[in-house]
Amino acid sequence: MIEAPVRCGWPGDNELMVRYHDEEWGVPVTDDRKIFEFMILDAFQAGLSWSIVLNKRIGFAQAFDNFDSEKIALYDENKIQELILDPSIIRNKLKIRSTVRNAQLFLEIQSKYDGFHHYIWQFTGGKPLVNQFSVMSEIPAKTDESDLMSNDLKKAGFKFVGSTICYAFMQAAGMVNDHMVDCFRYEPLKQLALQMGSDKQ
């Protein structure tokens, strides 16, 4: 009988959460569309649980043109009203309107830095930060790095980018490795972070 791998505790036995934990959470992301997807999803998560967002992820992808920032930046009032009535997503008017504005700002930064990933990864020096947590209660809600990211994004005009949301984004996009040290994903992602660090030198 094959033993189940040791995981972080937060996915529980939710199949979607387990798959997300095993395949995506903490994996470094440098693809701009994927980065924007996590920015959208984490903004919609504000005040809600991640499992609610994950359950609607396919709906979000279909409603928001597969997270294409160029298309979202052009959404007009008719499209916004359509989204507000769409049961496949979280129908929060402020978050929907902010997504359109954030897409416009995302494109501005993307152009300025020749890729949004070049901008966003500067907050961790271009490589993942590797933590060493053994219990989930050690994981912070925010850090100095997420504070800096949040302040900079707010200054640029982004909405729903508080430090806690930014830290959740950093975890999702692999800018930090917050897997428990005994989790089967911790060591491979630690090695990947070391590799990215050596590539920067």
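For the reader, a short list of remarks on this structure follows.
- When residue 122 is tested against (1) open to solvent by 60 Å² or more (accessible area, probe 1.4 Å); (2) farther than 20 Å from residue 34 by Cβ, just one condition goes unmet, and that condition is (2).
- All of 88, 111 fail the test of being open to solvent by 90 Å² or more (accessible area, probe 1.4 Å) and hydroxyl-bearing (Ser, Thr, Tyr), apart from 111.
- Selected residue [open to solvent by 30 Å² or more (accessible area, probe 1.4 Å) and not hydrophobic (A, V, I, L, M, F, W, C)] from 31, 42: 31
- Annotation note: of 154, 142, the sole residue that is surrounded by fewer than 20 Cβ atoms within 10 Å (Cβ to Cβ) and within 16 Å of residue 95 (Cα to Cα) is 154.
- Filtered residues of region 169-201 (kept if of a type in the set (S, T, N, Q) and either free of Cβ contacts under 8 Å to residues at least 60 places away in the same chain or farther than 18 Å from residue 121 by Cβ (or both)): 191, 195, 198, 201
- Total residues in region 89-142, condition in contact with a Ser or Thr (Cβ under 8 Å, 6 or more places away or on another chain), under 20 Å from residue 180 (Cα atoms) and in a helix (DSSP H, G or I): 0
The values are calculated or read from the model by the stated rules, or taken from the named source; none is laboratory data. The shown structure was predicted, so the numbers you read here are calculated from the model rather than taken from an experiment. Quick reminder, even Gly has a Cβ in these numbers, built from the backbone with ideal geometry, and neighbours come from all protein chains shown. Side chains are part of the model used for accessible areas, which takes the heavy atoms of the whole protein and leaves out ligands, DNA and RNA. Shrake-Rupley method; radii C 1.70, N 1.55, O 1.52, S 1.80 Å.
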